[in-house]
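Scroll down for the structure; my scribbles are underneath it.
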Amino acid sequence: MKIGIFGGSFDPVHLGHAALAEDACRQAGLNEVIMIPARIQPFKQDRKTASGEDRFRMLALVAEKDDKITVSRYELENEGVSYTYLTMRAMQQRNPQAELYFICGADSFLKLDTWKNADELLRSYSYIIGDRPGYREEEVKECMQRLRETFGTKAIRISNKQLDISSTVIRERLAAGEPVSDLVPPQVERYMKEHELYR
């Protein structure tokens, strides 16, 4: 059993997030991808986000379209900062027989060894790395090799659809009353309009 864990603010979830979840699932042969919206991200503690419930519901709309994608409230239901090592521990306890893969973009992967309890993260779990526009192939390869030699880290590089989409741009467009249909799934766009998010 191989399960992908995909965390983030998802504020809002967009086409890039959906594509990375789908491509990781197919290319790495995962049985399931669990998308987990953060309560408070360690690197974004000073930023106001849409409510956890709204972000969860938008992710659930994306998950409805793919039977291998599910959404967890784990981080939303836990007080304090959403540290990845705690989430991965909890997901492993819930799925003791599974091999867990943390899904991330190249930008996050390059910084993994600076995260809280990085040793535990890098020794205990596997990684699926998606391409992000602007990140050098050679830099990621060197990082993969260094982490494998130092921690025994197993990492898979996938060739995902590279969509240069930012949640920040989506929020700015919505605040200005501009369309975002080229950036988010249609069901997410409808939800944001109905609930007047980011206006």
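Each reported figure results from applying straightforward, stated rules to the coordinates on display, with no laboratory input. Note that the structure is a prediction, hence the values are computed from the model and not measured. Cβ atoms come from the backbone with ideal geometry, glycine included; neighbour counts cover every protein chain shown.
General observations
- Each Cα pair under 8 Å and six or more residues apart adds its separation to the average, and for the chain the resulting relative contact order is 26 percent.
- The trypsin sites (Lys or Arg not before Pro) of the range 103-162 that meet both conditions, a loop assignment by DSSP and at most 15 other Cβ atoms within 10 Å of the site Cβ, are LYS111, LYS116, ARG136, LYS154, LYS161.
- Other residues within the sphere of radius under 9 Å centred on the Cβ of ILE36, judged by their own Cβ, net out at 0 (K and R +1, D and E -1).
- Alpha-carbon centroid distance for the pair the range 95-110 / the range 141-198, whole angstrom: 16
- Exposure proxy order (Cβ contacts within 10 Å, fewest to most) of ASP131, ASP67: ASP67, ASP131
- Between helix 137-151 and the chain: long-axis angle, C-alpha atoms, 0 to 90°, nearest 10: 50
- For the chain, a crude dipole built from +1 on the beta carbon of Lys and Arg and -1 on the beta carbon of Asp and Glu, taken about the Cα centre, is about 240 debye to the nearest 20.
- Taking ILE129, ILE103 and counting other C-beta atoms within 10 Å, the order from fewest to most: ILE129, ILE103
- Multiplying the residue separation of GLU120 and ASP67 by 0.36 nm and subtracting their alpha-carbon distance yields 16.0 nm.
- Selected from ALA106, ALA175, ALA98 as most flexible by GNM, with the chain as the system and alpha-carbon contacts under 10 Å: ALA175
- Residue order for ARG57, ARG39, fewest other beta carbons within 10 angstrom first, comes to ARG57, ARG39.
- Simple spin-label estimate for GLU196 and ALA60 gives 2.2 nm between the two label positions (7 Å along the Cα-to-Cβ direction from each Cα).
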